[in-house]
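Since the structure comes first, as structure tokens, the remarks are kept for the end.
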Amino acid sequence: MASLKELRNRIASVKATQKITKAMQMVAAAKLRRAQAAAESARPYAERMERMLGNIAASVTPTPESPKLLVGTGKSDVHLLLVCTAERGLCGAFNSQIVRLARERANALQAEGKTVKFLCVGRKGFEQLRRQYEKQILEVVDLRAARTLGYEHAADIAQKVVARFEAGEFDICTLFYSRFKSVISQIPTAQQIIPPVFEQKDTGSGGAVYEYEPDEEEILGELLPRNLATQVFRALLENAASEQGARMSAMDNATRNAGDMIRRQTIIYNRTRQAMITKELIEIISGAEAL
Amino acid sequence: MASFAFELVSPTRLVFSGEVEQVDVPGAEGDFGVLAGHAPFITPLRPGVLTVRNGSETKRLFVKDGFAEVNQKGLTVLAETAVAVEEIERDAFATAIKEAEQAVTEAKDEAARWQAVAAVEQLKAAAAQVGAGGAAAH
């Protein structure tokens, strides 16, 4: 049985850990509020952008000359998986969930005989994917230095993707991120961004024919890369909010577990202490009786 | 005067949303004014000042990199940069112009060079517009 001193040390160390997890939970809660506000205020832009693109896409009949970013290359041999994860751990299953989804997709595609390539945003996802797909990872984007996520970061990533697409490195690009639903629920999501998939819904144009200035092709040429950046930006913001939410609930759990452990250890400590006192008493009494 | 719905959205927030009477937008091929009942229309933006008129009220906003879309429901402007003229940071402008000028000297072919020159011109014009607007506001 552990000595009293050992037990005391163990309790002290669990208490110290509990303080840390508690602090992390509170920091995550504060950051979550900001991240959630940012994610929510970015939604209108992404939605309007999608709607506008949908309107134009619907009015353009696909021809071989149509922009490749819109209609695709016509093949689906090489897939690029753009996996967005966090830079830090200690946030429950947040990173693993996204990676698991990406890995399942990658394995399914490879089973069909397609080539899969990765572009990782965030260190954690890269570390997990590296074990299995070391050679297929084209690039890692590190956002650790970024204090606040800006549109520039997303624009940078989108530019990299477009450059690779134009160089013919892949045919289809899918974006993986975690959609923020609530603090306790984040949904890992896969979204195909090249060529974009439009949900069929009311576009607000009422079937009207738009006038374009200068012309469709040129507008699409500008709109498509921007749409890509917007989608990436949205993914990054949703991810940021999800990460903080996941961390908050993970740390809440950890704090609670630490509390339970302290309670159990304290009971053991008290029992041991009482047992020792009883033992000493018995020794004194039996010593006295022997006289 | 008849009014219509106008929305100005930037990637980070919904900058403006509401009923207005007239909006003057700096389109890539020239400025255009939108009134209620404008024909469906889509165009990219040029860096410049967007003016919102509602009765006697006018609001001037600087917009850069984006698109304007007019449909039956109204006008939607998507802009990567959208700030009220009064809140613009002059220094940011100076750096943007410097960067654009840098692009001119680095351009590889004639077409790229012309594009870069045009960008510089547009930025300078916008800066002049904003500068005048800023002076009037004080």
Quick test for you: out of A:E222, A:E217, pick the one residue that is more than 30 Å from A:A146 (Cβ to Cβ), in the same structural domain as A:Y177 (by TED's automatic domain parsing) and surrounded by fewer than 19 Cβ atoms within 10 Å (Cβ to Cβ). A:E217
Checking B:F67 against (1) over 15 Å from the mean Cα position of the chain (by Cα); (2) at pLDDT 85 or above, the condition it does not meet: (1)
Out of (1) closer than 13 Å to B:F62 by Cα; (2) more than 14 Å from the chain's Cα centre (by Cα), what's the single condition that is false for B:R113? (1)
Residues that are of a type in the set (S, T, N, Q): find the strands (runs of 3 or more DSSP E) completely inside region B:28-125 holding 1 or more of those. B:41-44, B:48-54, B:57-71, B:74-84
Against the definition (within 14 Å of chain B (Cβ to nearest Cβ) and touching a Leu at 6+ places or on another chain (Cβ under 8 Å)), how does A:M24 come out, yes or no? no
Region B:2-52, residues that are among the polar types (S, T, N, Q) and over 14 Å from the mean Cα position of the chain (by Cα): B:S3, B:T12, B:S17, B:Q22
Scan region B:86-110 for residues that are more than 19 Å from B:V63 (Cα to Cα) and open to solvent by less than 100 Å² (accessible area, probe 1.4 Å) and report the count. 6
If the requirement is being open to solvent by 30 Å² or more (accessible area, probe 1.4 Å) and closer than 30 Å to A:L32 by Cα, which of these qualifies: A:V232, A:V183? A:V183
Within region A:241-256, is there a residue that is modelled with pLDDT under 90, over 23 Å from the mean Cα position of the chain (by Cα) and farther than 23 Å from A:P67 by Cα? no
Please count how many residues of region B:8-25 are closer than 30 Å to A:A37 by Cβ and more than 7 Å from chain A (Cβ to nearest Cβ). 9
Going by what's in this entry, would A:V99 be described as among the aliphatic types (A, V, I, L, M), closer than 30 Å to B:T43 by Cβ and out of contact with any Phe, Trp or Tyr (no Cβ under 8 Å at 6 or more places or on another chain)? no
Collect the residues in region A:38-55 that are at pLDDT 80 or above, closer than 16 Å to B:L78 by Cβ and of a type outside the set (D, E, K, R), keeping them in residue-number order. A:S41, A:A42, A:P44, A:Y45, A:A46, A:M49, A:M52, A:L53, A:G54
Which of the residues belonging to region B:13-60 are in contact with a helix residue (DSSP H, G or I) (Cβ under 6 Å, 6 or more places away or on another chain) and within 19 Å of B:A84 (Cα to Cα)? B:R13, B:L14, B:R46, B:P47, B:G48, B:V49, B:R60
Of all residues in region A:144-170, count the ones that are more than 14 Å from chain B (Cβ to nearest Cβ) and either within 25 Å of A:A240 (Cβ to Cβ) or open to solvent by 40 Å² or more (accessible area, probe 1.4 Å) (or both). 13
Verdict on A:E289 being assigned to a helix (DSSP H, G or I), in contact with a helix residue (DSSP H, G or I) (Cβ under 6 Å, 6 or more places away or on another chain) and more than 13 Å from chain B (Cβ to nearest Cβ): no
Subset of region A:209-249 (residues that are charged (D, E, K, R) and not in a helix (DSSP H, G or I)): A:E211, A:E213, A:D215
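The values are calculated or read from the model by the stated rules, or taken from the named source; none is laboratory data. All of these numbers come straight from a predicted model, not from anything done at the bench. Cβ: placed from backbone, ideal geometry, glycine included. Neighbour counts: every protein chain shown. The protein model used for the area step is the full one, side chains on, heavy atoms only, and it has no ligands, DNA or RNA in it. Shrake-Rupley method; radii C 1.70, N 1.55, O 1.52, S 1.80 Å.
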